[in-house]
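This report refers to the structure that appears directly beneath it.
Each value in this text was obtained by applying a stated rule to the coordinates, not by laboratory testing. Note that the structure is predicted; figures quoted are calculated from it, not measured. Every residue, glycine as well, gets a Cβ built from its backbone with ideal geometry; the counts of neighbours run over all protein chains shown.
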Amino acid sequence: MTDKLRNSDNPLLQEWTTRFAIPPFNHIETEHFKTAFDISLNAHHIEIKDIADNPETPDFNNIIKAMELSGEPLRKVASTFYNLSGSHTNEALQAIERDIAPKMAAHSNSILLNEQLFTRVDTLFKSTSSLALTPEQTRVLERTHSRFVRAGANLEGTNRKRVAAIAEELATLGTRFAQNMLADEKSFELILEKQDLDGLPDFLIAAALQAGSDRGHENKYVITLSRSSIEPFLQFSSRRDLREKSFKGWIARGENGGEHDNRQLVAQTLKLREERARLLGFENFAAFKIDDQMARTPEAVRELLMAAWVPAREKALKEAEKLQELASSEGNNQKIAAWDWRYYSEKVRRAEFDIDEAETKPYFQLDKMIEAAFDVAGRLFGLTFSEIHDIPLYHEDARIFEVKNADDEHVGLFLGDYFARGSKRSGAWMSAFRSQHKLDGEIHPIIVNVMNFSKAGKGEASLLTFDDARTLFHEFGHALHGLLSDVTYPSISGTSVARDFVELPSQLYEHWLSTPEILAKYARHYKTGEAIPKALLDRLLAAQNFNQGFQTVEYVSTALIDLEAHVLKDAGEFEASQFEKNLLGEIGMPDAIVMRHRIPHLAHAFAGDGYSAGYYSYMWSEVMDADAFVAFEETGDVFNIDLAAKLKRFIYSAGGRQDPADAYKAFRGRMPTMDALLKKRGLA
């Protein structure tokens, strides 16, 4: 530990004596981060230099274990900072984020492109068979060596320098992309007067009134670009002009011109990624990125997506015919447009299944759905969740729970941050303030779920759509992947797995929401407390595959765009709108459907490297999750204890300690086929 760390009065750098060693949020100020980053980066640099300069013969402990233990102060600073910059940011934090992004990339390069350090790692890797390592240690060594090679450690001279420079440039571009999106989302608001509320149910009117108050428009109704605000507006508003206005604002995020336009950033990003891939010996960036995933090749991804696209497009076209017939019968002879789809599909759903979301939503109270997610975790894995009220957090809306196992032992902490606000980026995600490992004692995880649900007015219950509830279960599945992690080494903890495997625990967990046992117990009217009527529940479950053509086309078109943009041989003149138009024309995109995420706001691919050339991962994992839940159904008990134990052992607790295909086969006994997926989506 350096003197600066030892003597610092910066709360980010001190030993955290808080309960459960949680970040001391009530003492952390924005200005603490810059100094904390500078000091902790330097401290980690010294640690890495000592490891690289070690004169002893390379062995697992003095190379791999030492690297795994290094950088703890930096990890604490970075995890706290990036969680706050996503969920509760401000202009000062954003300025630090822009400054620190290339510095963090440069620091990573200084490690992964350190010739002396790589020589020691490489020497160790080449003697793996003689080292008598445990399977987990072997996996950690393999993954460590792979990270070095994929970062360019085998390159020499100018190529090595160039790949380092590209990494720094990409970090800057990704940060700017994300901040531009947030700026566009914050700047848009559809302010409604009472005469503009035609068709809107009470829950949406109340949420819009609360959004108006939050944005300084007292007694006004505001629709924002949060999905939980705009989607129900498009679903219920009888004002076609307002639906069009809001929809166009939604899909134009990132391409409104001016300083927050993302199109040029995308072109630069694609060009740099292509160059990086070629320097590393790959034909294109998609080939580079997918080579390290379960899919292995872009061709395998394309085959998967097209296998779903063909039946999904056919079904979507039939759905469009129904919507057009209904619109025409009501006197609207205009061709169905994208801003009409949700409005008329809600009417068709109501007619075909006698389902009205305004009728079902009162049964999906946020607090009850949180309880439901906890209950499933208890039934499957023996976990309990107890809310803590006396630990200061970073925002008044955030909640914290202690998680214990069946033996009443502390497992970790779970934070839930559920409501949309202007300081939070859009979407829903899971992250960690601290990841589990056992390398330096038993380190318990601190996991957070962040959502963007509409907040009810003071004293009112916040209500969810069924899709919102599914999102809550999805992200909680990720949270369990982090909470149940049971590995020794930090680098393979929790969700540190292949990108097209990481969605398996989350998507699989969604299935339990739809089980009659859970819905009958937790889908209760927020005013009366009465359980959802069985007839309504039956209709709700029967309607699960309704509009699946539309939803699958929305998703697959985005995944194909992401893939094909990253196989381009010359992305230098890339123009997002034209690229979308050309490719969607080739695959026959239905006129009235727009991609779920258009390129200028495709944060999965361009606000960092996470899902770049990897948006397909949701469907790759869905093939497995559909098949995995069938395994439970085949036992006749969706909470089968023996199967749940295998699920925990091989999937939720295993982290990245084995190849994902081997992990799945250990649980299921075989690899899955597309059959369960197509059946699940009603496309078979």
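In which sequence would I96, I593, I191, I64 go, from the one with the fewest C-beta neighbours within 10 Å to the one with the most?
Working: I96 19, I593 22, I191 14, I64 25.
Ascending Cβ contact count within 10 Å gives the list I191, I96, I593, I64.
Quote the Stokes-Einstein diffusion coefficient, in whole µm² s⁻¹, for segment 159-198, based on the Kirkwood radius over alpha carbon pairs, a temperature of 10 °C and a viscosity of 1.306 mPa s. Mind dumping the intermediate values first?
On the way: Rh = 13.3 Å.
The calculation lands on 120 µm²/s.
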Next on the checklist: Taking 25 °C and 0.890 mPa s as the conditions, I'd like the Stokes-Einstein D for segment 3-154 in µm²/s, using the Kirkwood hydrodynamic radius from alpha carbon pairs.
Outcome noted: 144
Checklist entry - Roughly how many whole Å is it from the C-alpha centroid of segment 191-264 to that of segment 459-533? => result 27
Checklist entry - Which ³J(HN,Hα) values, rounded to whole Hz and listed in residue order, are derived for segment 350-361 from phi using the Karplus coefficients 6.51, -1.76 and 1.60 in 6.51 cos²θ - 1.76 cosθ + 1.60 with θ = phi - 60°, glycine and proline given as x? => result 4, 6, 7, 10, 6, 10, 10, 4, 5, 7, 7, 4
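Can you tell me the order of 262-269, 537-544, 206-213, 140-147 when each peptide is scored by its average per-residue count of other Cβ atoms within 10 angstrom, highest first?
On the way: 262-269: 20.2, 537-544: 16.1, 206-213: 22.0, 140-147: 18.1.
Going by the mean number of other Cβ atoms within 10 Å, highest first, we get 206-213, 262-269, 140-147, 537-544.
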Next on the checklist: Could you work out the relative contact order of the chain? I mean the mean sequence separation of Cα pairs under 8 Å and 6+ apart, divided by the number of residues, in percent.
Outcome noted: 16
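Ranked from highest to lowest mean number of other Cβ atoms within 10 Å per residue, what is the order of the peptides 461-473, 23-35?
Working: 461-473: 22.3, 23-35: 16.2.
Averaged packing, sorted descending, gives the order 461-473, 23-35.
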Checklist entry - Whose amide H sits under 5 Å from the amide H of I388, counting only residues 5 or more places off or on another chain, with H placed in the peptide plane? => result I400, F401, E402
Item to check | Charged-residue dipole, Cβ positions (Lys, Arg, Asp, Glu), segment 3-154 about Cα centre, Debye nearest 20 | outcome: 380
Checklist entry - So for D340, D591, D500, fewest C-beta neighbours within 10 Å to most, what's the order? => result D591, D340, D500
Checklist entry - Which value at 222 nm does the chain reach when only helices count, each DSSP H run of 4 or more adding -39,500 (n - 2.57), with the total divided by all residues and rounded to the nearest 500 deg cm²/dmol? => result -17500 deg cm²/dmol
Checklist entry - Amide H to amide H under 5 Å from F453: which residues, 5+ apart in sequence or cross-chain, H placed 1.01 Å off N in plane? => result F419, A420
Checklist outcome for this item: With the dipole of segment 66-155 defined by +1 on each Lys or Arg Cβ and -1 on each Asp or Glu Cβ, the option from A92, V121, P102 whose Cα lies farthest towards the positive pole is V121
Checklist entry - Amide H neighbours of H437 under 5 Å, counting only residues 5+ apart in sequence or on other chains, H built in-plane at 1.01 Å? => result I443
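May I ask for the equivalent-ellipsoid semi-axes of the chain, computed as the square root of five times each C-alpha gyration tensor eigenvalue and listed largest first in whole Å?
On the way: eigenvalues 321, 162, 145 Å².
Each semi-axis is √(5λ); the values are 40, 28, 27 Å.
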Item to check | Cross-link pairs K271/K680; K186/K455; K76/K271; K271/K581; K248/K527 - those with Cα-Cα distance over 28 Å | outcome: K271/K680; K76/K271; K248/K527
Checklist outcome for this item: The pairs in K194/K679; K347/K521; K103/K646 lying past 32 Å Cα-Cα in this model are K194/K679; K103/K646
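Ranked highest first by the average count of other Cβ atoms within 10 Å around their residues, in what order do 74-83, 317-326 fall? Numbers along the way, then the final one.
Working: 74-83: 20.4, 317-326: 16.7.
The densest-packed peptide leads the list: 74-83, 317-326.
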Checklist entry - Volume per residue, Å³, of the convex hull around the alpha-carbon atoms of segment 188-252? => result 70
Checklist outcome for this item: Computed over the chain: longest principal axis from alpha-carbon atoms vs helix 202-214 long axis, angle to nearest 10 degrees, is 50
Next on the checklist: What three numbers, in Å, describe the spread of the alpha carbons of segment 579-684 along their principal axes, ordered from the longest?
Outcome noted: 50, 33, 20
Next on the checklist: Considering only C-alpha atoms, what is the centroid distance from segment 110-189 to segment 27-104, in Å?
Outcome noted: 15
